[in-house]
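Contents: one structure, followed by commentary.
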Amino acid sequence: MTIHTGGCQCGAVRFRTEIDPAKASICHCRMCQKAFGSFYAPLVSVRDHSLVWTRREPKRFQSSNHVRRGFCEDCGTPLTYEAPDGVALAIGAFDDPAAIPPVIQYGVEALLPYADRLASLPSRATEQDVDATSFLRDIVSYQHPDRPGDDEATSP
């Protein structure tokens with residue numbers, strides 16, 4: 001088990017937790033697609049007793065009779081999947097999401113027909129998008145930076 005930190009894109013909600021990388025997954029079910037506004041939900045189960053909200057807890061939405069989903073009420077970042085068997089956090093919300101590779105896929109009955117072909121699409125780096133050059137030149141991000149541990153002083 002290793003300790004990881006993360007939070008929403010505006011930084012209003014931050015957390016620290018212990019995770020088991022063997023519990024990282026992707027869920028393709030329709031509920032997860034809608035909750036994340038995406039093709040699937042990348043999640044990792046956390047040890048309930050180790051999850052500490054170091055800045056404000058997320059707001060929750062009861063998405064079914066068994067599941068609540070946490071999100072930042074300020075910026076809308078999806079953060080949690082909370083079920084009777086435990087809590088999972090959005091992998092993309094971690095400060096180092098590359099350290100948490102999914103190991104299994106769930107809900108494949110709802111897998112979008114093109115999701116398996118995404119890696120074969122043409123690709124380019126952001127700075128190679130010539131049409132967006134003027135837009136990107138002076139863009140200023142207001143997102144919370146990925147700096148593990150920078151919010152320890154605000155822990156309860």
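Here is how the numbers come out for the structure above:
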quantity	calculated
Part-to-part distance (alpha-carbon centres) for region 108-141 and region 42-100, which is given in Å	25
Check: region 67-124 dipole with +1 on Lys, Arg Cβ and -1 on Asp, Glu Cβ, in debye	260
Computed over region 16-76: relative contact order in percent, which uses C-alpha pairs under 8 Å that are six or more apart	31
Separation of the ASP138 and VAL103 label points, Cα + 7 Å toward Cβ, nm	4.9
Angstrom value of the Kirkwood radius, inverse mean 1/r, which spans all Cα pairs in the chain	16.8
Heavy-atom SASA rank of ASP96, ASP146 (probe 1.4 Å, accessible area, largest first)	ASP146, ASP96
Alpha carbon convex hull of region 57-131, projected area averaged over orientations, nm²	8.2
Protein accessible area in the chain, 1.4 Å probe - carbon and sulfur %	54
Size of electric dipole in region 17-114: Cβ of Lys, Arg +1 and of Asp, Glu -1, about Cα centre, debye, nearest 20	300
Among GLY70, GLY92, GLY107, residue whose mean-square fluctuation peaks in a GNM of the chain (springs only between Cα atoms under 10 Å)	GLY107
Per residue value of the accessible surface for region 1-126 (all protein chains in place, 1.4 Å probe), Å²	55
Relative contact order (%) - criterion: Cα under 8 Å, at least six apart; region: the chain	29
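The values are calculated or read from the model by the stated rules, or taken from the named source; none is laboratory data. Remember, it's a predicted structure, so these values are computed and weren't measured experimentally. A quick note on method: Cβ atoms are made from the backbone with ideal geometry, for glycine too, and the neighbour counts reach across all protein chains shown. Calculation scope for accessible area: heavy atoms of the full protein, side chains included, ligands and nucleic acids excluded. Shrake-Rupley method; radii C 1.70, N 1.55, O 1.52, S 1.80 Å.
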